[in-house]
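The values are calculated or read from the model by the stated rules, or taken from the named source; none is laboratory data. What you see is a predicted model; the values in this text were computed from it and never measured. Reconstructed Cβ throughout: ideal geometry from the backbone, glycine too, with neighbour counts over all protein chains shown. For the accessible areas, the whole protein counts, side chains as well, though only heavy atoms, and no ligand, DNA or RNA atoms are used. Shrake-Rupley method; radii C 1.70, N 1.55, O 1.52, S 1.80 Å.
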Amino acid sequence: MPRFDVGDIDITGVTDSTAALQSVIQPANRPSADAWGDTRYTIELPPGARIKISSELQITRRVHIRGNGAEIFCTPSGGLCNMLRIHKTAPSCLIEDLTFRYKISSVQSTDNDRTGVTVEAFNTQIRDVDIDGAGFGLMLDATKVGDNLNWFFAENVSITNSRRRAHLTK
């Protein structure tokens, strides 16, 4: 599997790395030969990294994000921050060993409608993931993708301080 470097991401969590992390994900957003092919790009985060974002990260093609215990935390700027969306065009993604956390100050919105991880793609695996402080921890869209029924695999997913731990739509 091809691997991608983390580029200019601030792994100390001091500066906003939304654009830098999205640019690392974007090269991985190259289409594979077909929806069931073996090509899946791996993004490996450094162990112990703390990555600050301020808006939603988008995955539109097959990718494997190996967190190695890293934390991605959201400090919304001027609105809600959904952390990660895996689009229907990104089948067979794997997200593992990662924490998603909201950092909401007393002057920011405390609205519970922010989402930790939204999965729209079929054949998606999420394992060893912690989601903290999201209104919806994990949102799953179970609609059909073409002729394929949508299925998900979640293992060792911890959702804390959330109004709803998981939400399934169809």
What order do 157, 14 take when sorted by accessible area (1.4 Å probe), most exposed first?
14, 157
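I'd like to compare 43-49, 65-71, 117-123: which one has the highest average count of other Cβ atoms within 10 Å, and what's the full order after that? Could the numbers behind the result be given before it?
Values: 43-49: 16.0, 65-71: 19.7, 117-123: 22.6.
Packing order, densest peptide first, comes out as 117-123, 65-71, 43-49.
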Along the Cα→Cβ direction, 7 angstrom out, place labels at residue 11 and residue 158. What is the inter-label distance in nm?
2.2
Hey, can you grab everything whose amide H is under 5 Å from the amide H of residue 162? Only 5+ residues off in sequence or another chain; H modelled, so Pro and N-termini drop out.
133
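Just to make sure I understand: if all protein chains stay in place, what is the order of 159, 11 by accessible area at 1.4 Å, largest first?
Working: 159 20, 11 75 Å².
Most to least solvent-accessible, the answer reads 11, 159.
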For a quick check of understanding: with a 1.4 angstrom probe and all protein chains in place, what accessible area in square angstrom does residue 15 have, to the nearest ten?
70
What is the sum of charges around residue 12, taking Lys and Arg as +1, Asp and Glu as -1, for the other residues whose C-beta is under 14 Å from the C-beta of residue 12?
-2
